[in-house]
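First up is the structure itself, then whatever we jot down about it.
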Amino acid sequence: MDNRKIHFVSLGCPKNLVDSEMMLASLSRAGWAITPDPHNADCIVVNTCSFIQPAVEESIDTILKMARQKKEGQCTRLVVAGCFPQRYQETLIKELPEVDVFLGTGAFDRIAYAAEGKNSDLRMILPFPGQVSPQGNESLRICTTPQYMAYLKIADGCSNRCTYCIIPRLRGQYRSRPMPEILDEARRLAASGVRELILVAQETTSYGMDLADGGTLATLLRELTQISGLIWIRFLYAHPDRIDNDLIDTVAQHDKICSYFDVPVQHISERILKRMGRPHNSRKIIALLDRIRTRIPDAVIRTTLLVGFPGETGNDFDRLVDFVEEVRFDHLGVFVYSDEEDLAAFHLQDKIAEQVSRERREIIMLRQAAISKKLNQKRVGTRLKVVVEGECKEAGILQARAFLQAPDIDGVTYVSKVTARQGEWPDVRIKEASEYDLVGEII
């Protein structure tokens, strides 16, 4: 029993990664040893994503790749978990016979049972995710991120009804974790060496709205700043309708909280926003961004946009381009609308050709590249604290990040190699800047 080995593949967003880390801890407690080599594993687990079509394709490709490992190596059991089985459910049993068992998003606590395979006839476990605690009673996990940083999930599910989004069906209604539970986990992480804590949820700014104690994201952030050892605290996935003055003031008043606002606005055309099921309008969005920058002049603002949504006219798109030029986001990503039958938006008229959608994405990304370069060049000569992430392939260069750079989604800061090691926090002087990255030297 003690020699059993398991290989784990985690796909998708940081929220998925936290789920994977929870499952890894459950498997470890059940006696499984984790191996990085799928060829030597007795069981392989793939935690999947299916938010958009490219994520679905990546999930299928990874499952088939691991199925080949099962055939060629010593693996006797392949488990597929997460959003992919939750979305497509029973159809996968026929489509992917190589998989021994599928676990939905409400069944992560059954991972050890699924890996054991004691009931080989049970191939699909899909309890309703909305009835499951957002992180379970046992919040211990095996962190797979570098020791100096960790993601902290503060809620699960989503109660919004955006017509382009499948998340409420995959994750259930919004469910906040109790604040004492979050703070306990944060203290354990800090005690283990974590210095950068990144708060995630499907939407962090709704935190506490479903709790009886009236806690908010701002309240939680203030409590987290009291934890010894933490250097940076940042939150991602903020809904523009729920960023209030209390939250902005909290960020402004606490040095530990990164002045970094991740605010997915999706679009600026009020007609398209209405079709998307987004309740805000252009006036409110622009007023919010102005409010943030007035209160916190050095605030970094990131957004994501969605182009090619059904009914998006040339005028709608031109307004979006003008908006990007006007607001000048520090970071920006663009998704192309993915039309799927199980989305509410699937039934809307006036679909946009995929080629047109991709051209629109390219136009905005080119505009944003020029904006980002100019904003980054303004940082030349300034002093920034960075966290060293490790050595680059190029000799003599370290990769690091400043407060304005969230891991894996933004650029990085390259630093001339000195004695700094991974997880250290030196100050650097910025010497050069490109569209997405900075170059500096340690002071």
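Nothing in this text is a laboratory measurement; each read-out follows from the coordinates by a stated rule. Model, not experiment: these values are computed from the prediction. Cβ atoms come from the backbone with ideal geometry, glycine included; neighbour counts cover every protein chain shown.
Okay, here's what the table says:
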read-out	value
Sequence ranges 185-191, 267-273, ranked by mean other-Cβ count within 10 angstrom, highest first	267-273, 185-191
Candidates 366, 24, 224, ranked by Gaussian network fluctuation over the chain, Cα under 10 Å, top entry	366
Stretch gain in nm, segment residue 211-residue 242, where the contour uses 0.36 nm per residue and the Cα spacing is subtracted	9.6 nm
Choice from 299, 25, 395 with maximal GNM fluctuation in the chain (Cα, 10 Å cutoff)	395
Using a Förster distance of 22 Å, the FRET efficiency for residue 57-residue 313 (Cβ separation, nearest 0.05)	0.15
Gain upon complete extension [residue 341, residue 377; 0.36 nm per residue less C-alpha separation]	8.5 nm
Qualifying lysines (Cα of each under 16 Å from Cα of residue 15; at least 8 residues distant if same chain)	153
Segment 194-272-segment 276-326 distance, computed between alpha-carbon centres (Å)	19
The chain, relative contact order in percent, only Cα pairs under 8 angstrom and at least six apart counted	9
Mean shadow area of segment 295-443, taken as a quarter of the surface of its Cα convex hull (nm²)	11.4
Set of lysines near residue 94 by C-alpha distance (under 25 Å), chain-local residues within fewer than 8 positions excluded	65, 70, 71, 118
Free-standing Cys residues across the chain, given no other cysteine C-beta under 4.7 angstrom	13, 43, 49, 75, 83, 143, 158, 258, 392
For segment 383-442, convex hull of alpha carbons as volume per residue, Å³	77
Convex hull volume per residue in cubic angstrom - Cα atoms of the chain	155
Proximal lysines to residue 373, defined as alpha-carbon separation beneath 29 angstrom and excluding residues fewer than eight positions away on the same chain	256, 284, 385, 393, 417, 431
Pairwise centroid distance, computed over Cα atoms, of segment 13-61 with segment 95-172, Å	10
Most mobile listed residue (300, 356, 263) in the chain, GNM with C-alpha springs under 10 Å	356
Segment 429-443 versus segment 331-408: alpha-carbon centroid distance in Å	18
